[in-house]
Amino acid sequence: MTLISLLVLGLVLSLDNARLAIALGAFRLSWRRALRIAVVFGLWDGFSPLVGLLIGRYFGEEIGEVADFVGPIVLLVFGLYLVIRSLQTEAPEEMDERWVLFGIPLSLSLDNLLAGTGLGMLGFPPVFTAAIFGAMTALTTFAGLQLGGVVARFVPIRADLLSGLGLSIMAVVLALGY
């Protein structure tokens with residue numbers, strides 16, 4: 001597989017993060033905060049295939065089916081939490097950054113763990129592959145956050161409600177395999 005192939009695979013694996021970032025962008029984050037979130041997402045998506053590449057075939061076979069369900073469930077729970085909270089409280093000034101920086105990227109990086117496991121079995125260099133995947137995720141996440149911020153300016157709805165609905169829809173889309 002060439003560098004181009006790794007870039008394409010990294011882009012494909014980062015699209016779930018980009019779609020999610022559009023929903024999170026409804027909070028109209030500053031460039032600095034958006035960049036921080038994108039870098040953290042990229043680190044998660046870089047670390048995950050690195051672990052997969054190093055562990056190899058056994059772990060991938062054991063977690064395979066679980067990974068397809070855990071990610072969407074975590075997103076759905078967080079999305080529904082945002083929706084319910086938005087209906088019961090005043091509009092928040094800030095989003096819950098702990099979930100955004102740790103819970104969500106962890107659940108989304110499970111597919112990269114499996115991809116890394118497969119690539120590890122094919123003999124790909126672990127650190128280089130992980131760096132490509134992480135960089136692609138950081139770029140697509142940042143673009144998604146910016147796009148979400150633009151969309152939120154034209155949609156007259158609370159950011160937490162819009163993000164909650166977006167995350168819930170994203171969870172269902174991921175669970176259905178799209």
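None of the figures in this text is laboratory data; all of them are computed from the coordinates on show. These figures come from a predicted structure and were not determined experimentally. FYI the Cβ positions are ideal-geometry reconstructions off the backbone, even for glycines, and counts take in every protein chain you see.
Of R19, R85, R32, how do they rank once you tally other Cβ atoms within 10 Å and put the fewest first?
Working: R19 21, R85 14, R32 8.
By the 10 Å Cβ count, ascending, the order reads R32, R85, R19.
Using 7 Å Cα-to-Cβ label points, what is the L87/V172 separation (nm, one decimal)?
Between L87 and V172, the simple spin-label model gives 1.4 nm.
In what order do T2, T89 fall by count of nearby beta-carbon atoms within 10 Å, going from fewest to most?
Working: T2 7, T89 10.
The fewest-first ordering by Cβ neighbours comes to T2, T89.
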